[in-house]
Structures are given as C-alpha cells and as structure tokens.
Amino acid sequence: MVSRPTGGRTGASSVSGARYAVERSVRTRRGTDAVEKAISDAVLAELAEVGFGRLTFEGVADRAGTGKSPLYRRWPDTTCLVIGTLEKLGMDPAGYVRTGSLRDDLIGLTRYMNSTQEGVKADAFRSLLGEAYRYPQLLERFKSQVFDPLFQGLTDLLHDASRRGEISPARLTPVVLEVLHALIIKRILLETRNLTTKDIAEMIDEVLLPLLVTKA
C-alpha cells in the first residue's frame with residue numbers, strides 16, 4: 001500500500017520508496033499554464049503509482065505542489081480529472097513524417113509510437129487501460145482520445161500505400177484493420193519492455209506485410 005505524506009512541504013522533495021518519486025513543486029505563485037502542467041503530470045504519476053481506483057484529489061494536489069481548490073473548481077470528480085488528462089497519453093501520428101514506402105513507413109510509424117510510450121506515461125497508460133472498462137464514460141473517452149487517433153494514423157498510412165499501388169484496396173477490410181490495430185496494442189502498448197528495432201522489423205515482415213499483400 002502506498003503511503004501519502006500527511007504534512008505540508010516547504011520545498012521540493014521526493015517521496016521515499018515510491019516507484020515514481022517525482023519532485024514536489026514549491027507552493028508558490030505560478031501561472032495557469034504551469035499549474036495545469038503540474039496537475040496533468042501529477043495525474044499521470046498517480047495513475048502509474050497507485051492506479052485509477054485509488055487516485056484522489058489530495059494525492060494529485062500534493063504531488064503537483066498545489067492546493068485542492070484548483071482541482072475542485074475545474075473537475076467535479078476524479079473521473080473527470082483523469083478524462084481531462086487523457087490527451088497527455090495520446091500519440092499524435094502527425095509527428096511521424098512518412099517516407100512513401102509501405103515497409104519503411106510501417107517500421108517508422110511503429111518506432112515512433114513506441115518512443116512515445118515510455119516511463120511514467122507508459123505505466124499510466126497500462127494502469128488506466130486495466131481499469132477503464134469498469135467506468136463506461138472513461139472508457140469511451142479513452143477510446144476516442146487515445147486509441148482512435150493512433151488507429152486513424154495507421155489506417156491513413158495504409159490507404160496512402162493503396163493509392164500508390166503497394167496494397168490492393170480489397171485488403172483493407174475492417175477485419176484486417178482490426179487485426180493490425182490489435183497487434184499494435186499488444187506489442188507496443190501492453191508490453192512491459194521497449195521493442196527493439198529488430199522486434200519491430202520482425203513484426204512488420206512476418207505478420208503485417210504478409211497480411212496486407214496476400215490476396216484474398
């Protein structure tokens with residue numbers, strides 16, 4: 001069981017023994033953007049360390065180095081608080097610049113996605129994914145804000161390859177796309193270790209490309 005500090009803090013310190021002992025910010029006046037970033041970072045750290053079910057306003061406020069008032073003014077409960085932070089868990093596919101080659105782009109996009117899911121962010125993601133199914137509102141927003149942009153980026157890449165003649169449009173069926181998405185989730189988002197370049201190339205060459213180029 002993770003213990004929380006019971007007293008106030010006058011300076012930045014770390015929580016002894018905590019897995020994610022992030023430094024508490026000094027409680028001084030900060031701009032709105034700085035406070036919001038501190039809160040969102042604290043939410044991710046709390047999700048990674050104690051999970052959604054045990055996340056509290058008190059824990060987030062203490063870790064962010066702020067009072068609880070800014071949290072209560074903006075979010076009525078912890079579910080809404082976490083929903084407001086979901087964009088921090090997402091991956092913007094636009095951050096990857098395509099090469100125009102199907103194999104190179106599948107490897108490149110997968111490496112890019114893998115690089116965005118590391119450390120506290122990755123563990124917060126896995127923790128939340130394991131609990132979100134019990135909270136329909138949270139699960140729905142999790143899908144729309146985190147999964148859908150990722151899947152859309154991959155789907156757009158495949159349709160571009162189809163227009164170039166590298167894939168038959170007939171191969172891009174809902175079932176094929178679902179299998180590709182499921183594999184991405186399993187290998188990139190649920191693995192507890194970072195994939196190597198060799199791991200990614202094997203996944204592309206042995207599974208994704210044969211699935212896409214084999215005729216129906």
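Where a number appears in this text, it was derived from the coordinates with a stated rule and is not lab data. Note that the coordinates shown come from a computational prediction; the quantities given were computed from them, not determined experimentally. In this analysis, Cβ positions are derived from the backbone assuming ideal geometry, glycine residues included, and neighbour counts consider all displayed protein chains.
Looking at the square roots a ≥ b ≥ c of the eigenvalues of the Cα gyration tensor of region 87-213, which shape do they give, rounded for a/c under 1.5, prolate if a/b is larger than b/c, or oblate? Kindly include the intermediate steps, with their values, before the conclusion.
Values: a/c = 1.91, a/b = 1.52, b/c = 1.25.
Prolate is the answer for region 87-213, as a/c is 1.5 or above and a/b outweighs b/c.
I'd like the trypsin sites (Lys or Arg not before Pro) in region 119-216 restricted to DSSP loop residues with at most 14 other Cβ atoms within 10 Å, sorted by number. The partial results should precede the final answer.
Details: sites: Lys121, Arg126, Arg134, Arg141, Lys143, Arg163, Arg164, Arg171, Lys186, Arg187, Arg193, Lys198, Lys215; in loops: Arg164, Arg193, Lys215.
Filter output for region 119-216: Arg164, Arg193, Lys215.
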